[in-house]
């Protein structure tokens, strides 16, 4: 069967070119490289499928994967998929996060997924002990080093159908009530053909992908792993940790490996620009880059421009910048800008925008916002903007983005309430606010209270609960929200407290958030008791609080 | 290398990466209080690794809370066992 006819990830794996020429390269944290041609990826994954079956797993069983090594993660993930087991990728690193908070998160996800097994490596086993030893923990704990010992038994993998779940993507929901998106094979194959096809990246035979994105998150996992299998793109994987330790490595490797496709959230582009010294530039040749995609968090036009300006002397083509929009609930991608066209922006009046109208403004006018176009939906996908009553909005009218198409997933695993709230008859209500102008989608806010910092989705409640425990903070009178500060989505906490405690509270609240969530708070607003807006039932109103903050109307205690 | 020197290197590296003055941070300093996020801290460690020619594996960073604990960890990498 040709790759273009594959309907599942398993069929795609079998249809990829044989031989040594095309495949995956995994870079280790020490700079070593491991290469697996696609044939070897499939062979190794098949053996792991047999090992899972041998460990007593049945098709449909969920397997939590807490595996930091990218090569081992990819092979173990695909092994589960071939065997008809459902992998559940989980953030594998606990560094600097309070150990307990990390372990709680892993435990909550494993339980929400109903994971029958958990696969991890020796190095992480001790940290995960509270999860694996819990009475309601996974029935089987597989340690990779032992899991791979000995010959793999013979195994006849089950038939996989396109509508079978391929994996569960946990990216949303609060820490204590995480929600796992069920992603089917059909979702993946169709979305990959959309975002890598002529209306997406327009994949070429000579393309080479390069990614440092985490593999437990949709942009790295689907964009660079599953998508490249569906469309046959050799790819180079760099551990996220290696990029974090030395951001300059990203562009150096692109230059060295002659990569043509890369992606990062906005912060990645900002960091690469900030860290590049003149002498670093001299050794770079970025003329190979055809696609430099940007998504997963709000895109700052100044960051895109600064990146283009900084790296143009190194051969970077600003036309390669490709903003896009998507989310795990829609598999990955929903809209793409036209490849090769660079990024486009729309400058609108800020106060009008708050009244849900995107009124064009001149570049020199006061009180304007410049938004980056996220492009248009794939031909397979329809997108509309609707108001609070579900009526279609007109051109330049702000409303909720709703989407229908083959990428829209069946919903959240084992969670009918959450599924019903976001999915209606195959239509996804994204919770994002945006408008369409000239066929281009602009995202300008969020209806749901989600906070997105550096591509990571955070639920305000988790942060509010941590802050509420700080002595001097009035319980239940804390609001966490994000606001665009200096063009970046940043975290703001508003808490009620006494004026004499205010200076101390500003410090202790920021410390608590850093300890519990490894997050930097841009601003702690300590406000007069009783001044946070509440509903009639006494619940704090997050959106209203944010509006007051942005209008400078929060009654903050002085320094 | 003395601890004082190591602390000095930590302060200057952290100040540069976080773009804030951390020159008076002491060993008792709690990392969460420094106002730098986990990504910046990893970059600080990456920079220390390169400047000092050591390797501090990610999994050993779990549970590190104070500047002292971090410097002690780096120190064990400096001195061959």
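Every number here is computed from the coordinates shown, using simple stated rules; none is lab data. A quick note: this is a predicted structure, and the numbers were derived from the prediction, not measured. For neighbour counting, all protein chains shown are included, and Cβ atoms are generated from backbone atoms with ideal geometry for every residue, glycine included.
Quick look at the numbers
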item	result
Rg to Rh quotient for segment A:345-446, alpha carbon positions, Kirkwood Rh	1.03
Over chain A, relative contact order from alpha-carbon pairs under 8 Å, at least 6 apart, %	10 percent
Relative frequency of Cα-Cα separations exceeding 18 Å in segment A:197-267, percent	34 percent
Burial ranking of peptide ranges A:505-511, A:359-365, A:258-264 (average Cβ count within 10 Å, highest at the top)	A:258-264, A:505-511, A:359-365
Length gained when the stretch residue A:104-residue A:550 is fully extended (0.36 nm per residue, less Cα-Cα span)	157.2 nm
Fewest-first ranking of A:125, A:322, A:286, using other Cβ atoms within 10 Å as the exposure measure	A:125, A:286, A:322
For segment A:17-153, share of DSSP beta bridges that run antiparallel, in % to the nearest 5	30 percent
Residue B:53 versus residue B:28: modelled label distance in nm, points set 7 Å from Cα along the beta carbon direction	3.6 nm
Acute angle (nearest 10 degrees) that the helix A:502-517 long axis makes with the longest principal axis of chain A, alpha-carbon atoms	10 degrees
Exposure proxy ranking, count of Cβ atoms within 10 Å, fewest first, for A:387, A:449, A:136	A:136, A:387, A:449
Helical contribution to [θ] at 222 nm, DSSP H n ≥ 4, -39,500 (n - 2.57), averaged over chain A, rounded to 500	-8500 deg cm²/dmol
Diffusion constant of segment A:305-398 at 4 °C, which comes from Stokes-Einstein with the Kirkwood Cα-pair radius and 1.567 mPa s, µm²/s	84 µm²/s
DSSP-defined beta bridges in the protein assembly as shown - what % are antiparallel, rounded to 5	65 percent
Inter-probe distance in nm under a simple model that places probes 7 Å from Cα toward Cβ, at residue A:484 and residue A:382	3.0 nm
With eigenvalues of the C-alpha gyration tensor scaled by 5 and rooted, segment A:3-256, Å	27, 22, 18
Distance in nm between pseudo-label sites at residue A:256 and residue A:279 (7 Å out along the Cβ direction from Cα)	1.8 nm
Potential lengthening between residue A:395 and residue A:176 on full extension [0.36 nm per residue; Cα-Cα distance subtracted]	74.9 nm
The protein assembly as shown, Cα convex hull volume normalised per residue, Å³	166 Å³
All Cα pairs of segment A:110-247, percent lying beyond 18 Å	70 percent
Relative intensity, log₁₀ I(q)/I(0), of segment B:3-78 from a Debye sum that treats every alpha carbon as a point, q = 0.18 Å⁻¹	-0.63
Cα gyration tensor of segment A:459-550 - equivalent ellipsoid semi-axes, whole Å, descending	17, 16, 12
Computed helical MRE - 222 nm, chain B, DSSP H runs ≥ 4 contributing -39500 (n - 2.57), nearest 500	-17000 deg cm²/dmol
Taking A:146, A:516, A:111 and counting other C-beta atoms within 10 Å, the order from fewest to most	A:146, A:111, A:516
Directionally averaged projected area (convex hull, Cα atoms, segment A:65-151), nm²	5.6 nm²
Residue A:507-residue A:40 FRET efficiency (beta carbon distance; Förster radius 56 Å; 0.05 resolution)	0.55
Antiparallel bridge percentage (DSSP; both residues within segment A:3-256; nearest 5)	40 percent
For segment A:243-387, radius of gyration divided by Kirkwood radius, i.e. Rg to Rh on alpha-carbons	1.01
For a label point 7 Å along the Cα-to-beta-carbon line of residue A:122, residues of segment A:23-54 with backbone N under 18 Å	A:29-30
Acute angle (nearest 10 degrees) that the helix A:38-54 long axis makes with the longest principal axis of chain A, alpha-carbon atoms	90 degrees
C-alpha long axis of helix A:301-311 to longest principal axis of chain A, angle in °	50 degrees
For segment A:393-535, Kirkwood radius (reciprocal of mean inverse C-alpha pair distance, Å)	17.3 Å
FRET E, pair residue A:424, residue B:75, Förster distance 51 Å, beta-carbon r, rounded to 0.05	0.30
Value of Rg to Rh for segment A:353-409 (Rh from inverse mean 1/r over Cα pairs, i.e. Kirkwood)	1.05
At R0 = 30 Å, FRET efficiency that the Cβ-Cβ distance of residue A:206 and residue A:447 yields, to 0.05	0.10
Extension gain (nm, one decimal) between residue A:156 and residue A:3, 0.36 nm per residue minus Cα-Cα	52.9 nm
